[in-house]
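As C-alpha cells, the structure follows; a few thoughts come after it.
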Amino acid sequence: MDTAMLYALRDPLGVPAHPVIFLVLAVLTWALHIAAVHVLLGSSALAIRGAFSAQDHWRRLADAMVNTAKVAVSVAIVIGVAPLLFVQVIYDPFWYTSNVLSAWWVIAFIFILIVATLALFIFYAMNYEIRHKKVRAPSAMIIAIIGFLVVGFIMHALSVQTLEPDQWREWYAPNGVIDASGRSIHAFDPWRFGFFILLSFPVIGIWLFGYRRYLQGAGESDAGYLDFLQRLGTRLGAVGGVISLILLTLWMRGLPEDISDFATGIWPIAAAAALIVAVAYPVLLGKRLDRGMWGYTPVLVATVAMIVVATMREAVRWVTLFGVHGYNPLDYKIAMDWYSTGLFFLTFGVLGGTIVAYLLTIAWQAGQTEGTYTPSRAVNLLGTAGVVLLLLWIAQYFGFGLWTAYK
Amino acid sequence: MDLIGLFPTWYEPLIGSGWVIGLIATIHVLFSHTAVGAAILFAVLAYIGVRDDRPELIDFIKKYGLFLLVFSYILGSITGPGIWYSTTVGSPRGISALIHNFVWKWATEWVFFVIEVIGVYMMVYMAGKLDRRTYMKVAIIFGLTSYTTMLAIVGILSFMMMPGRPEQWFAEGGYLYGFYGPNTFAQLAIRTAFMFTMTAVVGGIVAAGLKDAAFKQWLLRRLAIVGGLSAIVGMSLYPWYLGTLPGIAHLVMENRLPDYFTPSILIVLGAMLAYFALTFIRPKIVTATLAGFATLAILVLGLWPGETVRESVRKPYIAGQYLYSNQVIGHDVPGMGVKSEIPALQKAGFTQAHIFWPESQREITRENAPEVGRSLALTACSNCHSLSDTGIRPLKNYFPKQADIEGIKTYLLGALSTGNTMYMPQIPLKEAEAEALAVYIASLNDPDAVSRYRAESQTAQLDHRSDEEDK
C-alpha cells in the first residue's frame, strides 16, 4: 500500500477546519475517554474484590465502587464518542479499512458492550447496600468485567490494524481471493493492550485519593476508613505504576523495526515520567492531602499524565503513518466552514462549559450537604444562564435553518 | 492511473450488511426518541410537581428515570455509536460523507450528550436532595438539551436523502446548504411527534407499576392523550414530508414499495390509537406486559417499515444525492471540489482503479472470470443485493433462472453500465468485467454455468483484445 493509495482513500470532501484542530481534540478526548475506562475497570475490580471481603472497609468500598462503575460506564461511553468522531475525520483511510477488515468484531463490539453494561447494572440493582448484605449475582460483575475487556481488546486490535497498511491487501484477499466476511482479528499487540488495561490500577488508586477528599468534605467521621483508602490508593498506585512501566517498556521493545528508534525517544520517557509523577505525587503531598483542596490535586495530576500518555500514543501513530508510510494527516484538504466551526466552539466552550459547571457544582455541593440542598445565588445564576444559552442555541438553529431552507 | 478510494467490502451472507445497519438503527431510534420525549415529559412533570406541590410526580420521575437510564441512555448511547460502527463497516464512504460534512454538528451534539448524561443521573439521584426550584431547573436543562440532540441529528439524517438545498449545496457547498432544507424541517416535525408517541407507550411500562391507583390513572390518561394526539399529528404531517422528497423517491415509492405497505401503516396507526383510547378509558388494564408488548409492536410494525422506507427511497444514493449506494461517487459536487468517479471507472474499470483489488484478479482470464465476477459482485452489488439466497434483495432473483451468460452480459453492458436502470446506480463495467460478472451471476441460479463457460471455446468475448479495444 503506497502513499498515493492511502491518499486516494481520503474523503474528497475535505475537512471543515484545519486538521490540527481535529488532531488535538482527538488526543484530548481520547485521554479523557481512556481515563474513564480506567476508572470503570478499576472500580469494577475493587467492587468485586470488596464484595467478597468480610472486612467492613472493603465492603463499604465495594458499595462506593459499584456506584462509581455505574457512572463511569456512561461517562466512558459518552466521552468515547468524541475521539471516535475525530479519528474518522483525519485518519479515515486507516480507520475505515481496519474496521471493514474486522467487521464482524466491530458489530460484536456493540452487542458485547450492551451485555457487559447491562450485567453491571444488574449487579448494581441486586446489591443495593452491599456493605451490609451478602453479595448477590457476583457473576454479573464478572461478566461485565470480561465484556469490557473484550470490547477493549476489539478497539485495541482495530487501532493496531490501522498501523499496518502494508498488510491490508493480504488480509482482505489472502491468496488473491477476497475474504469479505470480516471475521478475523488480524493484528494485536499484547504488551500495548496490557499497558493500557493495567493502567487501571494506578488510575483507580489515584481516584481513591479524590474519593477520600470528597468524604472529608462531607464530614466523614470514620478516620479508619480514610486511612484505609489512603493505604490502598498508595499501594495500587505503586504496584500498578511499576507494572504499567514494565508493560510500557515491553511495548516499546516490541515496536516494529522501522520505528524502533521511537522507543528511546522523548515520548516514552515523557509518558513514563508522567506516570511516575502521578503515582508519587499523593505520597509526596503527605499531610497536605488533608488540607484545603490539596486532596483533589492527585486526580488533576493524573489527568495531565493521561494526556501525556495519549500524546505518546498519538506519536506512535504519527511516526508510523507519516514516518514510514508518508501519510500526513495535517495536509488534509480544508473546506473551511466558519459557521459550523464557530458554532461548535461556542457550544463547547460557552454553553457546555456553563451548564456542565452548573450541574457538577450542584451535584458536588449537594453530595456534601446534609438534607435538602439549596444553591447559592451565584450558582443559581449559572443555571439560569445555562437555560438562556440553550434557548439562544435553539433560536439560532431555527433562525439560520429557516432562513437557509426557505430564502 | 486514477485510483478510486473504495474501501474493502464487508459482506454478511445471512441477512446482508444493509439489514445489520437497519436493525441497529431501528433499535436506536426507539431508545433515542424515547429518551428525548421522556426528557421533555420529565421537565413538564417536574414543573407541575413543583408548581402544585405534588411529590408523587417527582417520585415518578425518579422511578421512570432509573428505567430510562438503562433503557434509553445506556442502550441508546451504545447503539448510537453502534450506528456509526455498523455503517462504518457496511458503508464506509457513506458514513465518511456524513462525518466530513457534519463533523462539527456531531461534535456539537456530543456536547449535548455529555450534558444529557449528567442530567439524567441528576434527575434520578438528586430527586429529593435538591430543593424543588433547583430540581426544576435541572429538569428544564435536561429537557431542552435532549431536544437539541434531535435538532442536531435531523439535518444529517435529511442529508442522507438529499442535501437541504440541493442546487445551492452542489454549486457552493457548505454546512448550511447541506444541513437545512424543507425536508429537514418536515422530518423534524414528524420525528418530534412520534417521539411523544413512543414516550407515551414506553412510559406506560413504568406507570403500570405505580402503586397509587389514582395517580396511575391520572398519569396513564395523560400519556394516552399525549400519545394519541402526537400519533395523529405525526401522520397528518406525512404529506408535508412526502412533498419535500425528490422525484426519484416518489418513483421508488410508487414502484418498489409492496402493496401492503400503506394499509399496514394505517393498521399500525389505528392499533396505536385504539391502544391509547383503551388506556384512556380503562387505565386499570395497563400492565407492564401490555405496555411492553405495545413498545415491541411499535418497534417491529412501526419503526422498522418506516426506517426501511427511508432507506429505500434514497436509492440509488446513500448520501447527498452524489454518493451511490455501492460507494462510488456518481456526480460532481463542484461546491465541495468533489469529482464523479464514473469517468475513471469507464476508463480503467474496477479491476484497475480499485485500490484493494487482488493483484491476481487485475487481469481477467477465462479461468479466473468466476472469481473476478464474485469480487465485482461483492464490490458493486452486495451493498444492496445479497449474493446468497437470504438477506436483502437477493441478486439471483433479479435474473431469470434460464438467463445465459451472454444475455446477462448484454444487460450489464447495455443498461447497467450506461446508467439506464431505474433505481440503480450507473455501474460502468469494461467488457471483460461484464463477462466475468455475468458468469458469476449465472452461477447463482445455475451452478453448472461456470463449468459450461470454461468448456466453451468460442462464444465468450473474454480476451485482452476486447480490453484493449475499450481503451
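Quick notes on this one:
- Loop GluC sites (Glu not before Pro), the stretch B:299-382 (other Cβ atoms within 10 Å of the site Cβ: 12 or fewer; DSSP): B:Glu367
- Relative to the longest principal axis of the Cα atoms of chain A, the long axis of helix A:138-162 lies at roughly 30 degrees.
- Taken residue by residue and averaged, Cβ atoms of other chains lying within 10 Å of the Cβ of B:3-16 number 6.
- Note that chain B shows a convex hull volume over its alpha carbon atoms of 143 Å³ per residue.
- Prolate/oblate/rounded call for the protein assembly as shown, Cα gyration tensor, a/c under 1.5 rounded: oblate
- Computed from Cα positions, the angle between helix A:266-285 and the longest principal axis of chain A comes to roughly 10 degrees.
- The GNM of chain A, with springs linking C-alpha atoms under 10 angstrom apart, assigns the highest mean-square fluctuation among A:Val203, A:Val304, A:Val81 to A:Val81.
- Once exposed loop chymotrypsin sites (Phe, Trp or Tyr not before Pro) are cut out (DSSP; at most 14 other Cβ, 10 Å), longest piece of chain A: A:129-407
- Extension gain from A:Asp331 to A:Ala273, taking 0.36 nm per residue of separation minus the Cα-Cα distance: 17.7 nm
- Think of it as helices only: each DSSP H run of n ≥ 4 in chain A is worth -39500 (n - 2.57), and spread over all residues that comes to -25000 deg cm²/dmol at 222 nm.
- Once the Cα atoms are used to define both axes, helix B:261-281 deviates from the longest principal axis of chain B by about 10 degrees.
- Under DSSP loop assignment and at most 12 Cβ neighbours within 10 Å, longest GluC sites (Glu not before Pro)-free interval of chain A: A:130-369
- P(r) histogram, all alpha-carbon pairs of chain A included - 10 Å bins from 0, percent: 4, 18, 27, 26, 16, 6, 1, 0
- Computed label-point distance, nm, for sites A:Leu402 and A:Arg377 using a 7 Å Cα→Cβ extension: 3.7 nm
- Qualifying trypsin sites (Lys or Arg not before Pro) in the stretch B:81-148, DSSP loop, other Cβ atoms within 10 Å at most 10: none
- Among the trypsin sites (Lys or Arg not before Pro) within the stretch B:378-412, those in coil by DSSP and having at most 11 neighbouring Cβ atoms inside 10 Å are B:Lys401.
- Annotation: amide H-H contacts under 5 Å for B:Leu130 (H modelled 1.01 Å from N, sequence separation of 5 or more, or interchain): A:Tyr373.
- Within the straight-line cut-off of under 23 Å between alpha carbons, the lysines reachable from A:Lys134 are A:Lys70, sequence neighbours fewer than 8 places apart in one chain being disregarded.
- Two numbers describe the Cα atoms of the stretch B:63-206: Rg and Dmax, which are 17.3, 56 Å.
- Violating pairs (Cα-Cα greater than 25 angstrom) within the set B:Lys63/B:Lys129; A:Lys407/B:Lys105; B:Lys137/B:Lys284: B:Lys137/B:Lys284
- Shielding by partners, peptide A:172-179 (average Cβ within 10 angstrom, other chains): 6
- For chain B, calculated [θ]222 nm from helices alone, where every DSSP H run of n ≥ 4 adds -39500 (n - 2.57): -21000 deg cm²/dmol
- Kirkwood Rh in Å, taken over all unlike Cα pairs in the stretch A:32-176: 16.6 Å
Since every read-out is calculated from the coordinates, none of them should be taken as a lab result. The shown structure was predicted, so the numbers you read here are calculated from the model rather than taken from an experiment. All Cβ positions, even for glycine, are placed from backbone atoms using ideal geometry, and neighbour counts span all protein chains on display.
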